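Step one of this worksheet: look at the structure below.
Computed from the coordinates by the stated procedures, all read-outs in this text should not be read as laboratory data. Just so it is clear, the model here is predicted, and its values are computed rather than measured. Glycine gets a Cβ as well: all are built from the backbone with ideal geometry, and neighbour counts include every protein chain shown.
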């Protein structure tokens, strides 16, 4: 019982943060920042404590609270931790204080509203990860949209209104179809079992006809694919990233994008295994397209933020690839990759924000030779670049390597049974790694080396606050890169459970007349 | 029928009537000016409490058999409608609305209460007229400018047309069955008799006109714009609630069958889509709310597609949350923005957050809830409606309705965008903050948040 209290405390802290910020005077900027930092740090401590207490050898949910909320509808306030959301919750809580510290000097207008929105966002993000009830999940999922809308729209760049409306209209469209799917799913589950329930645990056991599954997975998948974003639903992302303030970009890249992949992992694939089997080739193609297309676009960008934005699309393609491989190693790699991308992209966006604060330009061509001017900055930048590429000992390596290992494992298996597509996809993904190294190194080369130049005079090097933020991120990156087994041991059982659920139908798909390509080919004499 | 039944069963109505009489007497004596608001508030509050008490004690009676019946659902609906009228009265405190204002509002409320209890076409017609007629005057009352007269006339003519349609439909139904009981309507839902079907269609059309469903919606934007703020709020919440309560009485719990299903699904669907699309292009706040109310009328009629048992819950919950949202929006609207002429433009909201943070945040909450964005109550209401529609097997209509509702997100967010993201427009004076409007907005904000946190609070009652 005491354990569950700890988890509820984690969810209550952002609300306390909102109250604390609201209670302050509107012009008390410093006080608001300090109070926010303290609450965010407390939140991280609670999350770290939960991480330490989480037992990786026990399957199922831990620290669970389940109380009726809307009794007649079978809706419960149901939150709990499994291995996968554990890591993402820790990531969310970890980025919280960094975002506050990172915006210490760059946000000067409406500081009170800004921090209230940060806490609202934290609350919604933690809630989305923790929810074990579909209704609750949807509530938190949608609730993320509005604070982000305001953060981009109020503190963003020149074209912020266009960018923020595009972001909201894209995500809201996905959500509305997901809502229809939620209603239909719960209704048909009710017809089949006679109990009205939104609990993931109950819905997963439902046996839906394959055609219904297909439509439902498309509806859910569209919402998630827009969030990830998977090519071709990605066009909102570069605009949102470019126009968002640093804090917005960090949260967007660090956590919000993972909502999509987490959604696929928690809901999309496990709920509809038959449809997953049918759609696997499509998802594979889209994942690889995201990896390659994102990398190619990153290669030709002239705006620093856009390079990182497109690299996010590419990196999340690996996550999708790992998830859809349904290979245990690939799945665990996908989870590590989610966290790793959260750290590196967040760090890079923070660093871009720091240089933007000094030089007021995001044009890559305006910079050069920063290594001579701001050596400390450049060292951190180089570490993050290498982590983003996936250099061994960094978290990026663990994630990408495991994903590719899993993808090849699954590829060989289906190749043996006559389907070459997964293997081709895995090979293409390797090409993505090379492209990734190419665009990131080109970027870092032009940015840090060569003749020294920077707009608006010589920038100053990092101050203590900025160093502290970056040191925290770099430590996390190396920790995950050097000692991944610690985290993987906590996620293993959850990944296994996902693997079992998502591949549940492979066996009997053929008998339902909706065979995936592999078994179709195999059936031929 | 005995005297005590008559007294107890219609206690909410009696209290309203007492308020009306008292107001008129004081008016004759010449002392109505100051205590008018307190008397009206007291009467409505007492009536709401009486209705709630009747509901909780499970009181059931037929003071006039076959004409009026009081049961738990009716009393609950009355209690909610009356409670929603309280902020309207508070809003009116700051308006230069003449003396008859309170008498008219109370009479209109009397009609709305009767609707919830009516059992025959005779009482239903009387009740609807009693609710609508004072509103024609109210539209004209507050602003003596040409547009108001035009709006009132338009509203009157279309209201008259709706009444005539309702009467014609009732007559046809009477011709087919020989009785004026409302149950003839629900019986006709299952019959193939052309006369009954024609009656059915006409009565439904009358409801559509009253609720401003496309293509009978043209009066709403003009009337909403022409009236004063409290009257607009009253029309958007109470009058709409009255019409939907009438629809609930008529459809009862009988499943709707083809071809009426398609009529009942398509026109509201078009309303949702068109209301949301047209709202994007409106230059003024009240015209925008008028189109939004056209869309919301669509959702409300969608709820009637659902299975019988869930209809009452869905419609009443929607009415309560929708009413709260609208009232919250109107209460939060600062003076200067809601005024006459060019100041009514949406542009006047630019940069409101930096000048009036509380008003901006409240208005934003109202807009988000109207857009149906979780976790605000508007979402729960929308969820309930579409869940019922899809549970009844109309999956396609449910999905189309949801997609049409997506169209609405943009213009609600635009209001937020203007308030939070745009710099303050041309130097424009915002009037004094109005104390009563502040009280009214708090009276709406507290239940809004309570319902968001714990929807069962209201759902359990239904």
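Arrange the peptides B:404-413, A:310-319, A:12-21 so that the one whose residues have, on average, the most other Cβ atoms within 10 Å appears first. Write out the running numbers ahead of the final one.
Numbers: B:404-413: 22.3, A:310-319: 28.4, A:12-21: 19.3.
Final packing ranking: A:310-319, B:404-413, A:12-21.
Listing B:302, A:483 from the residue with the fewest other Cβ atoms within 10 Å to the one with the most, what is the order?
Numbers: B:302 29, A:483 11.
Final ranking by Cβ density, sparse to dense: A:483, B:302.
Shape call for the stretch A:52-192 from the C-alpha gyration tensor, a ≥ b ≥ c root eigenvalues: rounded (a/c under 1.5), prolate (a/b greater than b/c) or oblate?
oblate
Inverting the mean 1/r over all pairs of different Cα atoms, compute the Kirkwood radius of chain A and quote it in Å. Can you show the working numbers first?
Numbers: mean 1/r = 0.0432 Å⁻¹.
Hydrodynamic radius (Kirkwood, Cα pairs) of chain A is 23.2 Å.
State the dimensionless ratio Rg/Rh of the protein assembly as shown (Rg: radius of gyration of Cα atoms; Rh: Kirkwood radius). Spell out each step's value before the answer.
Working: Rg = 30.5 Å, Rh = 30.1 Å.
Result for the protein assembly as shown is an Rg/Rh of 1.01.
Would you list the P(r) distribution for the stretch A:182-223, with all Cα-Cα distances sorted into 10 Å bins from 0 and each bin expressed as a whole %?
Reading the bins upward from 0: 30, 58, 12.
Going by Cα centres, the stretch B:149-196 and the stretch B:60-88 are how many Å apart?
So the two Cα centres are separated by 22 Å.
How many Cβ atoms of partner chains, on average, are near each residue of A:131-140 if near means within 10 Å of its Cβ?
Values: counts 0, 0, 0, 0, 3, 2, 0, 4, 8, 2.
Taking all residues of A:131-140 together, the mean is 2.
Please give the per residue volume of the convex hull enclosing the alpha carbon atoms of the stretch A:397-462, rounded to a whole number of Å³. Intermediate results must be reported in sequence, preceding the final value.
Working: hull volume 6.2 nm³, N = 66.
About 94 Å³ per residue, rounded to a whole number.
For a test of the definition: using alpha carbon positions, the gyration tensor, and the 1.5 limit on a/c, classify the stretch B:255-462 as rounded, prolate or oblate.
Numbers: a/c = 2.63, a/b = 1.70, b/c = 1.54.
In terms of gyration-tensor shape, prolate.
The stretch A:257-293 to the stretch A:90-125: how many Å between their Cα centroids?
Each part reduced to its Cα centre gives a spacing of 30 Å.
Can you pull the semi-axes for the stretch B:266-325, root of five times each eigenvalue of the Cα gyration tensor, sorted largest first, whole Å? Don't skip to the answer; put the middle values down first.
Details: eigenvalues 112, 39, 4 Å².
Listed largest to smallest, the semi-axes of the stretch B:266-325 are 24, 14, 5 Å.
Evaluate the stretch B:170-235: find the radius of gyration of its Cα atoms, find its Kirkwood radius, and give the ratio Rg to Rh.
Details: Rg = 16.0 Å, Rh = 13.5 Å.
When Rh is taken as the Kirkwood radius, the ratio is 1.18.
Normalising by the residue count of the stretch A:293-494, find the relative contact order in percent from Cα pairs under 8 Å and 6+ residues apart.
On the way: 311 pairs, mean separation 60.8, N = 202.
About 30 percent, as a whole number.
Under 8 Å for C-alpha pairs, at least 6 residues apart: give me the relative contact order for chain B, rounded to a whole percent.
Numbers: 797 pairs, mean separation 64.2, N = 462.
Value for chain B: 14 percent.
Under the definition of partner shielding as Cβ atoms of other protein chains within 10 Å of a residue Cβ, what is the mean value for peptide A:167-180?
Details: counts 0, 5, 4, 0, 0, 6, 3, 0, 5, 9, 4, 1, 12, 9.
Per residue, the average neighbour count from other chains is 4.
Taking a cut-off of 20 Å, what percent of all Cα-Cα pairs in the stretch B:178-278 are separated by more than that?
Working: 2226 of 5050 pairs.
I get 44 percent for the Cα pairs in the stretch B:178-278 exceeding 20 Å.
Distance from the Cα centre of the stretch A:322-399 to that of the stretch A:403-478, in angstrom?
Each part's Cα centre sits 7 Å from the other's.
Return the Cα extents of the stretch A:293-494 along principal axes one, two and three, sorted largest first, each rounded to a whole Å.
Result for the stretch A:293-494: principal-axis Cα extents of 62, 34, 20 Å.
Counting partner chain Cβ atoms within 10 Å of every residue's Cβ in A:73-86, what's the average?
Working: counts 7, 0, 4, 0, 0, 0, 0, 0, 0, 0, 0, 0, 0, 0.
Other-chain Cβ atoms within 10 Å of each residue's Cβ, averaged: 1.
In terms of the Cα gyration tensor, with a ≥ b ≥ c the square roots of its eigenvalues, is chain B rounded because a/c is under 1.5, prolate because a/b exceeds b/c, or oblate?
Details: a/c = 1.59, a/b = 1.21, b/c = 1.32.
Cα axes put chain B in the oblate bin.
Taking just the C-alpha trace of the stretch B:122-181, give me its Rg and Dmax in Å.
In order Rg, Dmax, the Cα atoms of the stretch B:122-181 give 14.8, 48 Å.
Using only the alpha carbons of the stretch A:435-492, what is the convex hull's orientation-averaged projected area in square nanometres?
Values: hull surface 26.7 nm².
Here the figure is 6.7 nm², rounded to one decimal.
Please arrange B:424, A:168 by how many other C-beta atoms lie within 10 Å of their C-beta, fewest to most. Spell out each step's value before the answer.
On the way: B:424 13, A:168 24.
Ascending number of Cβ neighbours within 10 Å: B:424, A:168.
Do you know the relative contact order of the stretch B:255-462, to the nearest whole percent, from alpha carbon pairs under 8 angstrom that are 6+ apart?
This gives 28 percent for the stretch B:255-462.
Between residue A:416 and residue A:22, how high is the FRET efficiency from 1/(1 + (r/R0)^6) when r is the Cβ-Cβ distance and R₀ = 51 Å? Nearest 0.05.
Numbers: r = 61 Å, r/R0 = 1.20.
Taking R0 as 51 Å, the efficiency between residue A:416 and residue A:22 is 0.25.
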